Amino acid sequence: MKRIIIAIDGPASSGKSTTAMLLAKKMSYVYIDTGAMYRTCALKAYREGILLSDTAAIDRMLEQLSIGIEYRESGNRILMNGEDVSDAIREEHISRLASDISALGAVRKKMVELQREMGKKGGVILDGRDIGTVVFPQAEAKFFLLASPEERATRRWKELQAKGLKSSFDEVLKDMILRDKNDSTRALAPLIPASDAIIIDTTSLSIGEQVEVLYRHVLKCIE
Ligand code: DC
């Protein structure tokens, strides 16, 4: 069976990563979480105290940065110069910084190159904001997942609660709306559906239903 490239884009907490991960498992494909890569850039800049306006420091940081993915059955781990930063990159202040740093041309150039290299052989599912529009416009299957901001904030809030992190629902909703606006209005590779993407509203779908909907479309692309 042909091993294709599957692109899943959409705003924060639209169900992309869980759906992509489960679909990859079901199809024995490799899952690449491109948001985690931008988060890793943000973490490195944060730890080094780099201002996003300091382009020379950002260039140096990118030269020294190596991002690795360790593929595991229980969920991929993300490595920053060999250090497992999978949990550190999920903190709220890193989410905001990731959204800001991902607007920089030098950062996007390096991440897109890495993503193209990782995915070029096919048999991959990448999720992000610009996979179907910029990274792999030739992807055989493209999806754009949507859900109402309230539903997405509820999902995010529940995740934070489960981790024992205290934050108010209103704060989570406000942050999410701000990040969506940031990601959709930037000049480079903004969050928009590719013209040939299949748009799926996940507001009232369970994760299992989302995976099935995507899988049925993917089968049509492979046949
Ligand atoms: O998917 P996520 O929430 O982990 O992504 C974190 C940030 O990274 C997001 O706010 C925008 C940026 N991003 C991007 O610009 N392009 C991608 N392909 C993936 C993420």
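The values are calculated or read from the model by the stated rules, or taken from the named source; none is laboratory data. It should be emphasised that the depicted structure is a prediction, and the values quoted were computed from it without experimental measurement. Glycine also receives a Cβ, built like all others from the backbone with ideal geometry; neighbour counts cover every protein chain displayed.
Observations
- Verdict on Pro149 being within 16 Å of the ligand (Cβ to nearest atom) and over 28 Å from Asp87 (Cβ atoms): no
- Within the set Ile101, Ile67, Ile89, the sole residue that is within 15 Å of the chain's Cα centre (by Cα), more than 9 Å from the ligand (Cβ to nearest atom), crowded, with 18+ Cβ neighbours inside 10 Å and modelled with pLDDT of 95 or more turns out to be Ile67.
- Pick from the stretch 104-120, criterion without any contact (Cβ under 8 Å) to a residue 40 or more places away in the chain and farther than 12 Å from Thr34 by Cα, ranking: nearest to the ligand (Cβ to nearest atom): Lys109
- Condition broken by Thr18, with the remaining ones in (1) β-branched (Val, Ile, Thr); (2) at pLDDT below 95; (3) near the ligand (Cβ under 10 Å from one of its atoms) satisfied: (3)
- Exclusive hit being of a type in the set (Ser, Thr, Tyr) and either in contact with a strand residue (DSSP E or B) (Cβ under 9 Å, 6 or more places away or on another chain) or under 17 Å from Ser102 (Cβ atoms) (or both), set Ser53, Ser74: Ser53
- Residue pairs meeting the criteria (Cβ under 7 Å; at least 6 apart or on separate chains; first in contact (Cβ under 8 Å) with a residue 60 or more places away in the chain and closer than 16 Å to Lys109 by Cα, in the stretch 126-138; second within 7 Å of the ligand (Cβ to nearest atom) and among the polar types (S, T, N, Q)): Gly128/Thr34; Ile131/Thr34
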